[in-house]
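The values are calculated or read from the model by the stated rules, or taken from the named source; none is laboratory data. As the structure is a prediction and not an experimental result, all values here were calculated from the model. These area figures cover heavy atoms from the full protein model, side chains too; ligands, DNA and RNA do not enter into them. Shrake-Rupley method; radii C 1.70, N 1.55, O 1.52, S 1.80 Å.
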Amino acid sequence: MTPARLACASVIAVVVADAQPLFRDALVRVVRQDAELHLAAEAADGRAALAAIEARRPDVALVARELGQLDGDGVLAAVARQRLPTRVVLLDPRPGPDACALLGAGAAGLLSRRVTPDALRAAVHRVAGGGTALCAEAQTAVAREIRARRPERPLLSPREQEVLELVADGLSAPRIAQRLQLGTATVRTHLQHLCEKLEAADRAQLVRHAMRRKLLD
């Protein structure tokens, strides 16, 4: 392959879609300032954006979420439904809680409309290379969603719960050891861990704290 053909192969075709003329012009200017990016088309509404993506098959589409009757989410859904090769990066005034859902729907990126020119160009290159581009707000939203989905680990182990319930019944460490067929030293270790986890200074406080945290009936 000749150097000229190699240069052409490295160019990333981009479609820009935004309903606001000034912002769309800014996006177009940012794309044109990068020699490795080629503006394939620009669109002022969702239907024109989808038509351009279907006709031009660009590598990346920068699509505003607010695009009128067919919004950016609708364009993304259509691209995914038709299995078009274009990777869609959505531009959102307020990236937030639906970031995970948009990525699940096929978005290759989610950027704030406050994105800087350098960050936008870097995002296009990253997405064209198969990566994902998220602005800081979107990253925070995704991290929050992941933490919310993670099952919360029980505070106490099953054995600690057993020891706690027997303490609440008034049993001493030796009697708990006998009941559970454990060594007394092992029971005392469980008691120490219980006091540390529930921030209790003694057995009575341990029971009170456990009841307040609904670890005991």
Q. Separation of region 99-137 and region 159-190 by C-alpha centroid, Å?
A. 55 Å
Q: Compute the acute angle (0 to 90°) between the alpha-carbon long axis of helix 46-56 and the principal axis of greatest extent of the alpha-carbon atoms of the chain; round to the nearest 10°.
A: 70 degrees
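Express the accessible area of the chain per residue in Å², computed with a 1.4 Å probe while the remaining protein chains stay in the model. Could you put the intermediate results ahead of the total?
Working: 12480 Å² over 217 residues.
With all protein chains present, the chain gives 58 Å² per residue.
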Q: Pop out the ³J(HN,Hα) list for region 75-90 in order, Karplus 6.51 cos²θ - 1.76 cosθ + 1.60 with θ = phi - 60°, rounded to Hz; leave Gly and Pro as x.
A: 4, 4, 4, 5, 4, 5, 5, 7, 6, 6, x, 5, 9, 9, 10, 8
Q: Ignoring everything but the protein chains, give the 1.4 Å probe accessible area of residue 11 in square angstrom, nearest 10.
A: 50 Å²
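Quick check: at a probe of 1.4 Å, how many percent of the accessible area of region 64-217 sits on carbon and sulfur atoms?
Values: 4440 of 9050 Å².
That share works out to 49 percent.
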(Q) Can you give me the long-range amide H partners of residue 134? Hydrogens built in the peptide plane at 1.01 Å from N, cutoff under 5 Å, separation of 5 or more residues or another chain. (A) 110
Q: Consider the candidate values (i) 1.70; (ii) 1.09; (iii) 0.98; state which one is Cα Rg over 2.2 N^0.38 Å computed from the structure displayed.
A: (i)
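State the extension gain, in nm to one decimal, for the chain segment bounded by residue 145 and residue 186, taking 0.36 nm per residue of separation less the distance between their alpha-carbons. List each step's numbers first, then the result.
Numbers: separation 41, 0.36 × 41 = 14.76 nm, distance 3.92 nm.
Extra length from residue 145 to residue 186 when fully extended: 10.8 nm.
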Q: Using DSSP, restrict attention to beta bridges with both residues in region 62-208 and report what percent are antiparallel, rounded to the nearest 5.
A: 0 percent
